[in-house]
Amino acid sequence: MNIARLIVRPLYLLAGKVFSLWARPVIHPETPFELITDRDAAVCYVLETGGLADLLALERACATHGLPSPTSTFEFCGTGEHQRVVVLRRMEGVFYRRPSKTGSQRLRRLVDASELGEQNLLLIPVAIYWGRSPQKERSLVKLLFSEDWDAVGRTRKFFATLLLGRNTLLRFSHALPLRSIGAEGRGSDIAYRKVFRILRVHFRQRRAATVGPDLSHRRTLVNQVLRTPEVRRVIVAEAGDDFRKQELARRKAEKYALEIAANISYPTIRVLERFLRWLWNRIYDGIELNHMDRLHEVAREKEIVYVPCHRSHIDYLLLSYIMYVEGLHLPHVAAGINLNMPIVGGILRRGGAFFLRRSFKGNRLYAAVFDAYLHQILVKGHSIEYFVEGGRSRTGRLLAPKGGMLVMTVNSYIKNPHRPVVFVPIYFGYEKLIEGDSFISEMGGGQKKKESLGGLIRSLKSLREHFGKVYVNIAEPIELASVLDRMHPDWRDYQSDNGERPPWLAGIVDELGRQIMSGINSAAAVTPVSLLAYVLLATPKQKIGIDELRRQLTLSLELMKRFRYSDSVTLPEWSADEIIKHCERLDVVSRTRHPMGEVIHMTERTAVLMTYFRNNILHLLAVPASVACCFIQGQQLEHRELQRLIRLIYPFMTRELHLKWNFADIDDVTSEAIKALIDLKILTYGKSRRTLVRPPAGSEKAFQLLMLGQSMVPMLQRFYLVIAILVSNGPGSLSRQRLESLCQQSAERLSMIYGLHSPDFFNKTLFHDFIRTLQDQNVLRRNARGLIEYDENIERIGADARLVLGEEIRHSILSLTMSEGSKQDKE
């Protein structure tokens, strides 16, 4: 044996040198040494199938990260092993390679020894994926060389190593203490089978999470969709008993399915990965990824539905790129049919995109085909990505969730709940947007430009600009089964013979949408740009002295730490000067020198665009800023009065900003915000601790309190504007549509005269949601003619709003509403 080792060892080292010249696997996690929790325990690696290439890859990884060599000898409970590697499914045979039926004898010896000795042994599973490409029918290249679910022979492994050595993933898993997973007192055979089964299940789950489930050919998947009872039922309902009409309807359904279905191509994905890597390096300073451990934890055993916020068309590409680089299989991405452009649509489809129309209304057959397609990819174990907002946010706030995709996902799970489903909210934080100019135009009333190949080519000039850094934060996953159990415990017993959805599904979807939006906001990334925008847009002309700016940036960061919205929120660990210089480099602000101190300012066009980034983080300080806002006009307020005022506006705040707290908890949240402001000496107690007092007028702290409160003033101005227009016109005189139109026009005029002329202030959606909230609270009602009615309570609400609005702006609003009311009288 020693002579054989003397002969083989030099050959093995030579093979390792040759291997290292070409194969360079990506290693996850970046510091595998930290996975060894017990430094005194013996270490043994576990490979799924083994082979020389896998052993060389593991040897290289261990040498790089200071881990024990897999070919070194080790002693464990009296057994001397000449290698610290266990191969779970060792291959046997000379010409026809197949997994051995006897299992790993080394693992059996180690389990036997652990039953008798006191020493602990750590088994470290190591999964190695050459090419990471799932098998796809009729694709000879993938069958020969890429990673799939079949055991492979020497020839295929050789070509896989040769061709895909630089596209290989080596993943260390957490160490498994052999003693903790044994079967004490039940015999070594039972202990061995238990350990073997745990390792086998671990590798199967890891393969599903990394490689993805087996991919059926697109045509096969389409045929499965057409054969589903729901699609066939709709075909019969539309065509009746006429077989010719049934065939025409079937062909139409097939056309719909082909229009929808993705056609994943891993050669295309590898080309896209290299292109996107170049693109990110070209336009961004980097991608900062946070809380990724949450995703890896659920990916092993559960099916993931990615539900990110939708800021930019970059979102699609960025998330798929991250999943690929992180060693997770690519999600099927729901994309609007507007992106199915010539050339581009085909590339996106091969990258995992499936396309859907903006509306299914009036087309039962299309709805049934899409529903069946989504069900098929879910039951096959594919991860999915879609944007519950429906479209990109033009204001930087999250949009109200749309229920369509959620309804189909939840209904699919209810029909087939075998594999657990988790929704993973994801927050994207950009420092500049490629679509920034078009967003401003659309919000200002400009027509949305249709996506086209020509428009895409014209947008390439943006690649010459610099867009800062991108922040991607993974929120806490949401277990679908837990939501169902809490809201409808008997959901597993639901049966439907005709394919109808459960009558209680709408409530589940509403709650799920609320949790997703709240989860996204709870994982917000405070970027240097969004923080500076938050501060500078609170000034009247978007100008501020540099010393005041430094103090306000520092205060805002400190307040976010003291009034912690969520542990998932990430803050920049930069000084105020570093934030200012970074924003200067991105052409967000400029500085003008002056003998009394430099002045930082931004142009009006930039300021309008910066409202988008301020709105990204507005929710984080909404409650303390609302408290500060109450002191803009008043010197002191009682604690209980502050709580009452925040209770009054909280339903409108949470509708606009998707805040996470329940209404029943808002008094406690307000008290936490007050405490944080007192700790920062922005507020103080009066003679009795029931009264809160603002700092003396003209002081530095008074200025900081005013600046903080200004961020919530636009919302309160809209609040007062709606009330004033209603009161001016009287009950039963305005329809909801007319009220929204008057509010938008009045807000635009106010914005032009008194503040920044930003479309964000007079966004019609904000007024729509505000009026909807008043209706939900029964403050407003619609009569038989569809006109809005109200009672005297609305005037009391307006009186409270006057407490925090300046006299000039209140008079301007009233003059606008009175003039509009007189126009109504003349008409």
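The values are calculated or read from the model by the stated rules, or taken from the named source; none is laboratory data. Model, not experiment: these values are computed from the prediction. Glycine gets a Cβ as well: all are built from the backbone with ideal geometry, and neighbour counts include every protein chain shown. Accessible surface areas use protein heavy atoms only, side chains included; no ligands, DNA or RNA. Shrake-Rupley method; radii C 1.70, N 1.55, O 1.52, S 1.80 Å.
Could you check, for region 650-668, whether at least one of its residues is of a type in the set (A, V, I, L, M, F, W, C), within 30 Å of Ile544 (Cα to Cα), at pLDDT below 90 and under 38 Å from the mean Cα position of the chain (by Cα)?
No, region 650-668 contains no residue that is of a type in the set (A, V, I, L, M, F, W, C), within 30 Å of Ile544 (Cα to Cα), at pLDDT below 90 and under 38 Å from the mean Cα position of the chain (by Cα).
Tell me, please, whether a residue that is within 23 Å of Gly634 (Cα to Cα), hydrophobic (A, V, I, L, M, F, W, C) and out of contact with any Ser or Thr (no Cβ under 6 Å at 6 or more places or on another chain) can be found in region 729-742.
We begin by selecting, within region 729-742, every residue within 23 Å of Gly634 (Cα to Cα); these are none.
Within region 729-742 (the criterion being within 23 Å of Gly634 (Cα to Cα), hydrophobic (A, V, I, L, M, F, W, C) and out of contact with any Ser or Thr (no Cβ under 6 Å at 6 or more places or on another chain)), the answer is no, since none of the residues qualifies.
Tell me which residues, restricted to region 683-712, are in a helix (DSSP H, G or I) and buried (at least 21 other Cβ atoms within 10 Å of the Cβ).
Applying the first criterion (in a helix (DSSP H, G or I)) to region 683-712 yields 700-710.
Listed by number, the residues that qualify are Gln704, Leu705, Met707, Leu708, Gly709.
For region 247-273, enumerate the residues that are open to solvent by 90 Å² or more (accessible area, probe 1.4 Å) and at pLDDT below 85.
Answer for region 247-273, where residues must be open to solvent by 90 Å² or more (accessible area, probe 1.4 Å) and at pLDDT below 85: just Val271.
All but one of (1) part of a loop (DSSP other than H, G, I, E, B); (2) among the polar types (S, T, N, Q); (3) closer than 30 Å to Thr554 by Cα hold for Asn498; which doesn't?
(3)
Is it fair to say Arg655 is among the basic types (Lys, Arg) and within 29 Å of Val588 (Cβ to Cβ)? Reasoning before the result, please.
Working: among the basic types (Lys, Arg): yes; within 29 Å of Val588 (Cβ to Cβ): no.
For Arg655, the condition - among the basic types (Lys, Arg) and within 29 Å of Val588 (Cβ to Cβ) - is not met.
For the subset of region 179-197 comprising residues that are open to solvent by less than 60 Å² (accessible area, probe 1.4 Å) and within 37 Å of the chain's Cα centre (by Cα), which member is modelled with the lowest pLDDT?
Ile181
Which is open to solvent by 20 Å² or more (accessible area, probe 1.4 Å) and either more than 14 Å from Leu169 (Cβ to Cβ) or under 35 Å from the mean Cα position of the chain (by Cα) (or both), of Leu47, Leu52, Leu56? Step through it out loud before you land on a result.
Details: Leu47 fails: open to solvent by 20 Å² or more (accessible area, probe 1.4 Å); Leu56 fails: open to solvent by 20 Å² or more (accessible area, probe 1.4 Å).
Result: Leu52 is the single residue among Leu47, Leu52, Leu56 that is open to solvent by 20 Å² or more (accessible area, probe 1.4 Å) and either more than 14 Å from Leu169 (Cβ to Cβ) or under 35 Å from the mean Cα position of the chain (by Cα) (or both).
Give me the residue from region 460-493 that is touching a Ser or Thr at 6+ places or on another chain (Cβ under 9 Å) and open to solvent by 20 Å² or more (accessible area, probe 1.4 Å) and, out of that set, modelled with the highest pLDDT.
Step by step, filter region 460-493, then rank; the result is Glu476.
Can you tell me which of Glu638, Glu604, Glu672 is closer than 30 Å to Pro425 by Cβ, touching a residue at least 24 places away in the same chain (Cβ under 8 Å) and out of contact with any helix residue (DSSP H, G or I) (no Cβ under 6 Å at 6 or more places or on another chain)? Outline the logic, then answer.
Working: Glu638 fails: closer than 30 Å to Pro425 by Cβ; Glu604 fails: closer than 30 Å to Pro425 by Cβ.
When all the criteria are applied, what remains is Glu672.
So which residues in region 541-586 are in a loop (DSSP other than H, G, I, E, B) and free of Cβ contacts under 8 Å to residues at least 40 places away in the same chain?
Passing the criteria: Arg564, Asp567, Glu573, Ser575.
Can you name the number of the only condition in (1) closer than 24 Å to Asn616 by Cα; (2) open to solvent by less than 20 Å² (accessible area, probe 1.4 Å); (3) hydrophobic (A, V, I, L, M, F, W, C) that Leu645 fails?
(1)
Hey, among the residues in region 519-540 that are assigned to a helix (DSSP H, G or I) and out of contact with any Ser or Thr (no Cβ under 9 Å at 6 or more places or on another chain), which one's nearest to Glu288 (Cα to Cα)? Spell out how you get there, then give the answer.
Taking region 519-540 first, the residues assigned to a helix (DSSP H, G or I) are 519-522, 528-536.
Among the residues that remain, those that are also out of contact with any Ser or Thr (no Cβ under 9 Å at 6 or more places or on another chain) are: 520, 528-530, 532, 536.
Details: Ile520: 16, Pro528: 13, Val529: 15, Ser530: 15, Leu532: 19, Leu536: 25 Å.
Within region 519-540, the match that is nearest to Glu288 (Cα to Cα) is Pro528.
Within region 376-388, track down each residue that is modelled with pLDDT of 90 or more and in contact with a Lys or Arg (Cβ under 7 Å, 6 or more places away or on another chain).
Val388
Look through Phe719, Phe767, Phe762 and report the one residue that is assigned to a helix (DSSP H, G or I), free of Cβ contacts under 8 Å to residues at least 60 places away in the same chain and aromatic (Phe, Trp, Tyr). Quick ask: steps written out before the conclusion?
Details: Phe719 fails: free of Cβ contacts under 8 Å to residues at least 60 places away in the same chain; Phe762 fails: assigned to a helix (DSSP H, G or I).
Every option except Phe767 fails the conditions.
In region 25-84, which residues are among the β-branched types (Val, Ile, Thr), in a strand (DSSP E or B) and in contact with a strand residue (DSSP E or B) (Cβ under 8 Å, 6 or more places away or on another chain)?
Within region 25-84, Val26, Ile27, Val43, Val46 qualify.
Do we have Tyr366 as open to solvent by less than 20 Å² (accessible area, probe 1.4 Å), in contact with a Ser or Thr (Cβ under 7 Å, 6 or more places away or on another chain), of a type in the set (Phe, Trp, Tyr) and modelled with pLDDT of 90 or more here? Before you say what the answer is, go through the steps one by one.
Numbers: open to solvent by less than 20 Å² (accessible area, probe 1.4 Å): yes; in contact with a Ser or Thr (Cβ under 7 Å, 6 or more places away or on another chain): no; of a type in the set (Phe, Trp, Tyr): yes; modelled with pLDDT of 90 or more: yes.
No, not satisfied.
Regarding Leu110, is this residue outside any loop (DSSP other than H, G, I, E, B) and either at pLDDT 75 or above or buried (at least 17 other Cβ atoms within 10 Å of the Cβ) (or both)? Lay out the reasoning, then the answer.
On the way: outside any loop (DSSP other than H, G, I, E, B): yes; either at pLDDT 75 or above or buried (at least 17 other Cβ atoms within 10 Å of the Cβ) (or both): yes.
When the stated conditions are applied, Leu110 passes them.
What do you reckon, is Arg171 out of contact with any helix residue (DSSP H, G or I) (no Cβ under 9 Å at 6 or more places or on another chain), at negative phi, at pLDDT 60 or above and buried (at least 19 other Cβ atoms within 10 Å of the Cβ)?
Numbers: out of contact with any helix residue (DSSP H, G or I) (no Cβ under 9 Å at 6 or more places or on another chain): no; at negative phi: yes; at pLDDT 60 or above: yes; buried (at least 19 other Cβ atoms within 10 Å of the Cβ): yes.
So Arg171 does not fit the description; no.
Regarding Val623, is this residue open to solvent by less than 10 Å² (accessible area, probe 1.4 Å) and either at pLDDT below 95 or closer than 30 Å to Arg564 by Cβ (or both)?
On the way: open to solvent by less than 10 Å² (accessible area, probe 1.4 Å): yes; either at pLDDT below 95 or closer than 30 Å to Arg564 by Cβ (or both): yes.
Yes: the conditions hold for Val623.
Restricting to region 626-635, name every residue that is closer than 23 Å to Leu532 by Cβ and surrounded by fewer than 22 Cβ atoms within 10 Å (Cβ to Cβ). Step through it out loud before you land on a result.
Step one: list which residues in region 626-635 are closer than 23 Å to Leu532 by Cβ, which gives 626-629, 632.
Answer for region 626-635, where residues must be closer than 23 Å to Leu532 by Cβ and surrounded by fewer than 22 Cβ atoms within 10 Å (Cβ to Cβ): just Ile632.
Those residues that are closer than 25 Å to Glu297 by Cα and open to solvent by 30 Å² or more (accessible area, probe 1.4 Å), I need them from region 25-44; list them, please.
Those that are closer than 25 Å to Glu297 by Cα and open to solvent by 30 Å² or more (accessible area, probe 1.4 Å): Val26, Ile27, Pro29, Glu30, Thr31, Phe33, Glu34, Thr37, Asp38, Arg39.
Looking only at residues that are among the polar types (S, T, N, Q) and farther than 25 Å from Val608 by Cα in region 728-775, which one is surrounded by the fewest Cβ atoms within 10 Å (Cβ to Cβ)? Walk me through it before giving the result.
Taking region 728-775 and keeping what is among the polar types (S, T, N, Q), we get 728-729, 733, 735, 737, 741, 744-746, 751, 758, 763, 765, 773, 775.
Filter once more, keeping what is farther than 25 Å from Val608 by Cα: 728-729, 733, 735, 737, 773, 775.
On the way: Ser728: 20, Asn729: 20, Ser733: 16, Ser735: 13, Gln737: 10, Thr773: 17, Gln775: 14.
The selected residue is Gln737.
State all residues of region 209-246 that are open to solvent by 40 Å² or more (accessible area, probe 1.4 Å), at pLDDT 85 or above and of a type in the set (S, T, N, Q); if no residue qualifies, say none.
Within region 209-246, Asn223, Gln224, Gln246 qualify.
Given the criterion buried (at least 19 other Cβ atoms within 10 Å of the Cβ) and either over 19 Å from Arg277 (Cα atoms) or of a type outside the set (Ser, Thr, Tyr) (or both), identify the matching residue among Tyr316, Tyr306. Lay out the reasoning, then the answer.
Details: Tyr316 fails: either over 19 Å from Arg277 (Cα atoms) or of a type outside the set (Ser, Thr, Tyr) (or both).
Checking each option against the conditions leaves just Tyr306.
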